[in-house]
Amino acid sequence: MSKIKRTREQLEKRREEIKKQLGEVNEDERVELDTDMEEQAIQMEQHEVSVTMEANLHKELVQIEERLAEMDAEE
């Protein structure tokens, strides 16, 4: 198997992993806030982490899509 083909397969696999993770992050966002203020504070911190993680996953996904497009253009 050529190096380019292996790279493409790795990028496609990672793209699918990212899409799955983004789906999981979106499901986690649908939780209602607890009535306890301390628990709400924890939930809000977790939300901030989720938002950052989602943004990073989107950036990585864009990079992968760009690289796959470059590979298509090179063929």
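The values are calculated or read from the model by the stated rules, or taken from the named source; none is laboratory data. Since the structure is predicted, the reported quantities are computational estimates derived from the model, not experimental observations. Backbone-built Cβ (ideal geometry, glycine too); neighbour counts: all protein chains shown.
Remarks
- Each residue in the range 1-44 was checked for being more than 22 Å from the chain's Cα centre (by Cα) and within 30 Å of Ile64 (Cβ to Cβ), and 5 of them qualify.
- Within the range 1-50, considering residues that are assigned to a loop (DSSP other than H, G, I, E, B) and under 30 Å from Ala73 (Cβ atoms), the one modelled with the highest pLDDT: Ser2
- For the range 45-75, the set of residues classified as surrounded by 14 or more Cβ atoms within 10 Å (Cβ to Cβ), under 14 Å from Glu12 (Cβ atoms), under 13 Å from the mean Cα position of the chain (by Cα) and not β-branched (Val, Ile, Thr) consists of Glu60, Leu61, listed by residue number.
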